[in-house]
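The values are calculated or read from the model by the stated rules, or taken from the named source; none is laboratory data. Every value quoted in this text rests on a predicted model; they were computed, and no experiment measured them. Reconstructed Cβ throughout: ideal geometry from the backbone, glycine too, with neighbour counts over all protein chains shown. Calculation scope for accessible area: heavy atoms of the full protein, side chains included, ligands and nucleic acids excluded. Shrake-Rupley method; radii C 1.70, N 1.55, O 1.52, S 1.80 Å.
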Amino acid sequence: MTLQQKSYYPWIVVGLLWIVALLNYMDRQMLSTMQHSIGVTIPAIKDPANFGRLMAIFLWIYGLMSPISGAIADRLNRKWLIVGSLGVWSAVTSLMALCTSFDSIFWLRALMGVSEALYIPAGLSLIADYFTGSSRSLAIGIHMTGLYMGQALGGFGATVAAAFSWQSTFHWFGIIGLIYAVILIVCLRDKRKPSTITQASDLEGAEAVRIEIDSHPVKHDKLPILKSFSLIFSNIAFWVILFFFASSSLPGWATKNWLPTLFADNLGLSPAVAGPAATISIAVASFIGVMIGGPMSDRWVRHNLRGRIFTSAIGLGMMVPALVLIGLGHNAMAAIGAALFFGIGYGMFDANNMPILCQFIPDRQRASAYGLMNMTGVFAGALITELLGTWAKDGNLGLGFAMMAGIIFVAMALQLIILRPKTDNME
């Protein structure tokens with residue numbers, strides 16, 4: 001019996017990809033903390049406008065590439081796509097250590113946007129294929145905690161750079177990724193479902209006869225890319241999923257980029273205290289939310305096909321009052337408590353996005369669909385980040401956080417009213 005045939009191998013896949021997810025977010029996040037260190041060598045990076053361009057190019061390229069990445073993942077071997085993606089962005093990270101000009105680091109950052117975009121649709125669709133029912137939300141939720149951890153560790157980039165140098169930081173973290181890519185070549189396996197022959201049921205409603213071809217997996221016939229996207233967009237359920245995913249991305253990115261500033265302004269905390277209070281509270285609470293929402297969804301769906309939707313809606317519902325309290329509160333304990341409440345709700349929601357998508361989108365189109373979702377979420381994040389910057393200048397940053405609660409409430413209502421799955425795993 002091969003390793004892939006072992007009953008525990010799907011969890012090995014989750015563990016392997018958890019580290020990839022961590023590296024994905026850590027490598028992209030480090031640059032944001034090292035502006036001062038890099039600016040000593042490359043003075044142009046000290047200019048806020050230039051640094052803004054450097055951070056924005058990643059988001060724009062990452063967002064534009066996401067649907068393309070999803071379409072590629074639906075058509076190629078996902079193991080090699082993940083290995084290649086990790087290898088390229090790790091090489092880019094290492095090469096940043098050699099940069100001596102703003103242009104060189106700018107174009108490497110753009111290339112990182114391309115390579116990192118290739119990972120998420122492929123990784124999530126691969127986990128979804130290994131977990132076709134029981135434990136799917138838990139498995140995907142655990143994987144998502146790798147992103148949270150990578151974001152948190154990336155925040156220590158400046159600390160490492162201060163202890164050594166920014167060049168050494170980029171070089172060695174890139175080398176770690178390249179070494180891990182070799183480990184994936186040995187340990188990771190793709191999974192494609194065997195094709196099936198289905199005989200239609202007769203007029204009296206007898207069950208269809210299914211003949212499974214188990215000897216050798218046969219890939220589904222591949223739809224043309226435009227046809228695949230057309231079928232996805234013709235599904236009203238996908239539009240609802242797209243809307244609530246984009247809606248949650250607004251506070252998701254807002255808390256990443258503006259919550260430390262909001263805590264410092266509203267609560268009178270120093271930046272040294274406000275930063276960790278904001279990032280750690282959200283990260284820890286989101287992990288707790290995943291560990292609650294994953295098993296809850298997996299159990300609930302066994303008795304009610306809308307169980308995953310109900311779990312996700314509970315998470316969104318928790319985010320609504322939390323955003324109001326975060327935005328309008330001026331008591332440190334209450335605001336941090338609200339951030340914890342938001343993080344738990346976000347984790348419950350985040351663990352169920354791909355599992356809900358699997359209820360409405362066939363397996364051969366899931367990576368494409370998630371790529372579209374990823375693009376929309378990133379662009380929503382870019383929009384809210386810029387908008388909150390404008391409101392912050394006028395002293396209305398907290399009001400902006402509170403107003404996002406209304407959008408989340410609408411998304412939750414649409415989710416509960418419209419989404420009515422007929423299966424937990426559409427094929």
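Here are some notes:
- Unique residue being at pLDDT 95 or above and over 26 Å from ASN235 (Cβ atoms) when the list is GLY395, GLY400, GLY389, GLY406: GLY406
- Segment 58-84: number of residues that are open to solvent by 30 Å² or more (accessible area, probe 1.4 Å) and part of a helix (DSSP H, G or I): 9
- Any hit, segment 275-282, residues being open to solvent by 60 Å² or more (accessible area, probe 1.4 Å) and modelled with pLDDT of 95 or more: no
- Condition check for THR169: under 14 Å from the mean Cα position of the chain (by Cα), surrounded by 18 or more Cβ atoms within 10 Å (Cβ to Cβ) and among the polar types (S, T, N, Q): no
- One residue from LEU111, LEU64, LEU16, LEU81 being in contact with a Ser or Thr (Cβ under 9 Å, 6 or more places away or on another chain), modelled with pLDDT of 90 or more and not charged (D, E, K, R): LEU81
- In the set ARG53, ARG109, only one residue is crowded, with 19+ Cβ neighbours inside 10 Å, more than 18 Å from the chain's Cα centre (by Cα) and more than 29 Å from LYS191 (Cβ to Cβ); that residue is ARG109.
- Qualifying residue in segment 119-133 (condition: of a type outside the set (Gly, Ala, Ser), open to solvent by 10 Å² or more (accessible area, probe 1.4 Å) and closer than 23 Å to ALA161 by Cα): no
- Among the residues making up segment 69-111, those that are closer than 25 Å to LEU357 by Cβ, out of contact with any helix residue (DSSP H, G or I) (no Cβ under 7 Å at 6 or more places or on another chain) and of a type in the set (A, V, I, L, M, F, W, C) are LEU76, TRP80.
- Qualifying residue in segment 219-234 (condition: open to solvent by 60 Å² or more (accessible area, probe 1.4 Å), at pLDDT 60 or above, assigned to a loop (DSSP other than H, G, I, E, B) and under 30 Å from LEU416 (Cβ atoms)): yes
- Hits in segment 350-365 - residues which are under 21 Å from GLY252 (Cβ atoms), touching a Leu at 6+ places or on another chain (Cβ under 8 Å) and modelled with pLDDT under 95: ALA351, MET354
- Positions within segment 256-274 being part of a helix (DSSP H, G or I) and modelled with pLDDT under 80, in sequence order: ASN257, PRO271, ALA272, VAL273, ALA274
- Test result for PRO251, without any contact (Cβ under 8 Å) to a residue 24 or more places away in the chain, closer than 24 Å to GLY406 by Cα and surrounded by 19 or more Cβ atoms within 10 Å (Cβ to Cβ): no
- Residue check for VAL378: surrounded by 22 or more Cβ atoms within 10 Å (Cβ to Cβ) and in contact (Cβ under 8 Å) with a residue 60 or more places away in the chain: yes
The rows are residues; the columns are (1) on the phi > 0 side of the Ramachandran plot; (2) under 14 Å from the mean Cα position of the chain (by Cα); (3) not charged (D, E, K, R).
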site	(1), (2), (3)
ALA367	no, yes, yes
TYR370	no, yes, yes
MET373	no, yes, yes
THR376	no, yes, yes
ILE384	no, no, yes
GLY389	no, no, yes
ALA392	no, no, yes
GLY395	yes, no, yes
PHE401	no, no, yes
